[in-house]
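Let me begin by presenting the structure, written as structure tokens, before commenting on it.
Each reported figure results from applying straightforward, stated rules to the coordinates on display, with no laboratory input. The model shown is predicted, which means the values in this text are computed figures rather than measured ones. Reconstructed Cβ throughout: ideal geometry from the backbone, glycine too, with neighbour counts over all protein chains shown.
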Amino acid sequence: MTLGIFLGSLLGVMALGMPIAFALLFSGVALMLYMDIFDSQIIAQNLINGADNFPLMAIPFFILAGELMNAGGISKRIITLALALVGHIRGGLGYVAILASILFAGLSGSAVADTAALGAILIPMMVKAGYDRNRSTGLIAAGGIIAPVIPPSIPMIIFGVTSGLSITKLFMAGIVPGLLIGIGLMVTWGVVARGGKYDVYPRKSPKEILDAAKGAVWALILPVIIVGGLRGGVFTPTEAAVVAAFYALFVGVAVYRELPIRKLYSILIVSAKTTSVVMFLAAAAMVSAWLITVANIPLQLTELLGPLVENPLMLLVVINAIVLLVGTAMDLTPTILILTPVLMPIIEKAGIDPIYFGVLFIVNTCIGLLTPPVGTVLNVACGVGRISMEDIMRGVWPFLLVEILVLILLILFPSLITVPLHWLT
């Protein structure tokens, strides 16, 4: 009954249009009233505890780093390098979009930021070169979800804090799945773009490619610093976020000189607004997480899924199907905050590697960013590409399908995640 009260109150107020953070608080209060343990001090204390978490400090700094990179010319130089490498291939701008998504994923950790930054530059270029606007926008959106999978990843930080798992291990485990998504998109684009009549950029000479690489070298160094520093134990994920923000500021102001000091104030304001939304969600989710534990909801769900605990593969298939369904109606961050404390006890009881499950969970929730009606990345891509939701769905579906196939591949072959993780850590 407690599970029904929690889900009913949460989904009911969400259906009325209440923001997710307030819906989490409302469902928590409803559960407390049902259990006859209502106490406003418990709510206040858990709100404070939800935000007062050192690893969460990485989020505002990675958000700030992403804003500084966009304003400082880093994303533009990554696209220039990708153009120099594959722009001469037929349908080359599509490969440029995917390659730039992979490169930029190692910088920002945000699907929305990647989609907005790359779409604003590449979609007009692709349309001008004869590419279908719907398909081009769909490709940019599909490439955008690589960012939360390849480190640094803001969703992995949230998942690590919520589950108590090592954020560094989650980061390392996400590298290969992110690259697999990129490869899958390239193969799909090769099939989709076959026979299209597109303008082709002239093949760049080795000197021009070298010049483009030199221009982007400052951008390409950052992922090496972050991954190398985390693997070598030089700094924690939170410290890595501070390094990324300082590095982006230094490169934008002192190296590329495209980031005027007067613009820093507006960048800080935008970053603070984005951070406040995420942190309030994390704080509100702590109230629900505490009550989920007190009400023994994980135990109830374990009993429901009990017959599957002895079959880890079938359990993973069912859980991922549920998460995929939830992702169509709920954004990435609240999905992580709500489902993680419920699912982790089941995963541990089934003997499934929690880091492996965490990567599957993040990939799955990222796919949810491409599914209507909520689909945050879809909505951003629609705005940047100036098309309707119906149009982008016609363009994105082959790429969405291949990303689901990559998820299935990761479920069937856990070694794709666990073996590289063992080597990297």
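In what sequence do 343, 16, 409 fall when counting other Cβ within 10 Å, fewest first? Can you show the working numbers first?
Numbers: 343 20, 16 9, 409 13.
Final ranking by Cβ density, sparse to dense: 16, 409, 343.
Give, as a single signed number, the net charge of other residues whose beta carbon lies under 14 Å from the beta carbon of residue 411, with Lys and Arg counted +1 and Asp and Glu -1. Don't skip to the end; give the middle numbers.
Numbers: positive: none; negative: 353, 403.
Overall, the nearby charge balance is -2.
Treating each Cα of region 117-161 as an identical point scatterer and ignoring solvent, apply the Debye formula and state log10 I(q)/I(0) at q = 0.14, 0.24 Å⁻¹.
The Debye formula, applied to the Cα set alone, gives -0.43, -0.78.
So, in Å, what gap is there between the alpha-carbon centers of region 268-319 and region 356-405?
Each part reduced to its Cα centre gives a spacing of 21 Å.
Net charge within 12 Å of residue 140 by Cβ-Cβ distance, Lys/Arg positive one each and Asp/Glu negative one each, not counting residue 140 itself? Walk me through the intermediate numbers first.
On the way: positive: 133, 135; negative: 114.
For residues surrounding residue 140, the net value is +1.
Using the Karplus curve 6.51 cos²θ - 1.76 cosθ + 1.60 with θ = phi - 60°, what ³J(HN,Hα) values do you get for each residue of region 27-43, in whole Hz, with x for Gly and Pro?
In residue order, the calculated couplings are 5, x, 5, 4, 5, 5, 5, 5, 8, 6, 10, 4, 7, 4, 5, 5, 4 Hz.
Using just the alpha carbons, could you tell me how many Å³ per residue the convex hull of region 1-66 encloses?
110
Using the Cα atoms of region 39-424 to build a convex hull, what is its mean projected area in square nanometres? Intermediate results must be reported in sequence, preceding the final value.
Working: hull surface 77.7 nm².
If I average the Cα hull's projected area over directions, I get 19.4 nm².
For residue 165, which sequence-distant residues (separation of 5 or more, or a different chain) have an amide H within less than 5 Å of its own amide H, given hydrogens modelled in the peptide plane?
Excluding prolines and chain starts, which carry no amide H, there are no hits.
Expressed as a rounded percentage, what relative contact order does the chain have, with Cα pairs under 8 Å and six or more residues apart?
On the way: 653 pairs, mean separation 111.7, N = 425.
Computed over the chain, the figure is 26 percent.
Could you run the Karplus curve 6.51 cos²θ - 1.76 cosθ + 1.60 with θ = phi - 60° over region 90-101 and give me ³J(HN,Hα) per residue in whole Hz, x for Gly and Pro?
Going residue by residue, I get 4, x, x, 5, x, 5, 4, 4, 5, 4, 5, 4 Hz, with x marking Gly and Pro.
Ranked by Cβ crowding within 10 angstrom, fewest neighbours first, how are 162, 2 ordered? Don't jump to the answer; show the numbers that get you there.
Numbers: 162 22, 2 16.
Listed from fewest to most nearby Cβ atoms, that is 2, 162.
Among 70, 423, 124, whose Cα sits farthest toward the positive end of the charge dipole of region 39-424 (+1 at Cβ of Lys/Arg, -1 at Cβ of Asp/Glu, about the Cα centre)?
124
Can you work out the Karplus-derived ³J(HN,Hα) for every residue in region 243-253? Use 6.51 cos²θ - 1.76 cosθ + 1.60 with θ = phi - 60°, whole Hz, and x for glycine or proline.
4, 4, 5, 5, 4, 4, 5, 4, 5, x, 8
How large is the Kirkwood hydrodynamic radius of region 277-425, counting all unique pairs of alpha carbons, in Å?
Details: mean 1/r = 0.0598 Å⁻¹.
Evaluated on region 277-425, it is 16.7 Å.
To the nearest 10 degrees, how steeply does helix 111-128 sit against the main Cα axis of the chain, on a 0 to 90 scale?
Roughly 30 degrees between the two axes.
Contact order normalised by length for region 62-194, with contacts defined as Cα pairs under 8 Å and 6 or more residues apart; what percent is it? All intermediate terms of the calculation are to be shown ahead of the outcome.
Values: 176 pairs, mean separation 34.0, N = 133.
This gives 26 percent for region 62-194.
What number, rounded to the nearest 500 deg cm²/dmol, is the helix-based mean residue ellipticity at 222 nm of the chain, given -39500 (n - 2.57) per DSSP H run of at least four residues and division by all its residues? Working shown, then result.
Numbers: 22 runs with 323 residues, N = 425.
When only DSSP H runs of four or more count, the value is -25000 deg cm²/dmol.
Skipping prolines and chain starts, which residues have an amide H placed within reach, meaning under 5 Å, of the one on residue 90, given they are 5 or more residues away or on another chain?
none
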